[in-house]
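Take a look at the structure below.
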Amino acid sequence: MTTATKSKTGKMENSEFHEFFVDELKDIYWAENHLMKALPKMKKAATSPELAAAFDKHTAETQIHIETLEKAFALLGQKPVAKKCEAMAGLLEEAKSIMEDTEKGTMIRDAGLILAAQKVEHYEIATYGTLRAFAANMGHTDVEALLSQTLENEKATDIALTTLAETTINEAAVAE
C-alpha cells in the first residue's frame, strides 16, 4: 500500500484511492469518445427532426466533455488515456440493437433511441457524480469544478430527452 501525501493544494497523490480515481477517469474518457462516434449514427436513425437535433446538440456537448476530461487529466499531471468502459460498450451495443430491431421512419424507433440515450445519460450522471465526490474528498477542487459542470450538463440532457419523449415521441409511438 502506498502512503498518501497531501501537496500544498491539498491533493492526495500516490494513494491507491487517487490511482483508482484516475483509472475511473480513463474509463469515462473511453466512454465519451465512443459515445462521440455513436451519436451521429443515432441521429441518422432518428425519425423526428427534434430528436435528430437533440443528438446533434449532444454530439457537440460530448466533444466538450472529452475536452473537459483532458483538462482534468492535465490538472492531475496525467496523460489522457482511455481504458475500455465495459458499461458504455454494452449500452452502445444495446442502442445499435434498438436501431436494428425497429423499423426505419417510425416513432417507435425514436422512443427506443430515447430509451437508449437515457440509459447512457444515467450511466454518465452516476459516474460524473461519483467522480466529482471523489475529487472533492481528495482536495482536487479544480477537477471537482470541471466534473460538476459536466454533471450538470448530463442532467440537463436527460431532462431534455424526457421532455421530448413525454411531449411528442411516446404518444406518437403508441399511435403507430
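Overview of values
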{"read-out": "Residue-wise HN-Hα coupling along the stretch 121-136, computed from phi with Karplus coefficients 6.51, -1.76, 1.60 (Hz; x: Gly, Pro)", "value": "4, 5, 4, 5, 4, 4, 5, 5, x, 5, 5, 4, 5, 4, 4, 4"}
{"read-out": "Cβ-placed point charges (K, R +1; D, E -1), dipole of the chain about Cα centre in debye, nearest 20", "value": "560 debye"}
{"read-out": "Helix-only mean residue ellipticity at 222 nm for the chain, each DSSP H run of n ≥ 4 adding -39500 (n - 2.57), per residue, nearest 500", "value": "-27000 deg cm²/dmol"}
{"read-out": "Surface share of carbon and sulfur [accessible, 1.4 angstrom probe, percent] for the stretch 15-175", "value": "57 percent"}
{"read-out": "Gap separating the Cα centres of the stretch 116-152 and the stretch 24-93, nearest whole Å", "value": "14 Å"}
{"read-out": "Per residue solvent-accessible surface (Å²) - the chain, probe of 1.4 Å", "value": "52 Å²"}
{"read-out": "Protein-only accessible surface order, largest first, of 158, 142, 110, 101 at 1.4 Å", "value": "101, 142, 158, 110"}
{"read-out": "Order of exposure, largest accessible area first, which applies to 76, 25 with probe 1.4 Å", "value": "76, 25"}
{"read-out": "Neighbourhood charge, 15 Å Cβ-Cβ cut-off, centred on residue 99 and excluding it, Lys, Arg +1 and Asp, Glu -1", "value": "+2"}
{"read-out": "Filtered GluC sites (Glu not before Pro), the stretch 98-173: DSSP coil and at most 16 other beta carbons within 10 Å", "value": "103"}
{"read-out": "Mean separation of Cα contacts under 8 Å (6+ apart) over length of the stretch 15-175, as relative contact order %", "value": "27 percent"}
{"read-out": "Kirkwood Rh and Cα Rg combined as Rg/Rh, the chain", "value": "1.06"}
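The values are calculated or read from the model by the stated rules, or taken from the named source; none is laboratory data. None of the values given here were measured: they were computed from a predicted structure. When we count neighbours, we look across all protein chains shown, and the Cβ atoms used for this are built from the backbone with ideal geometry, even at glycine. For accessibility, only protein heavy atoms count, side chains too; no ligands or nucleic acids. Shrake-Rupley method; radii C 1.70, N 1.55, O 1.52, S 1.80 Å.
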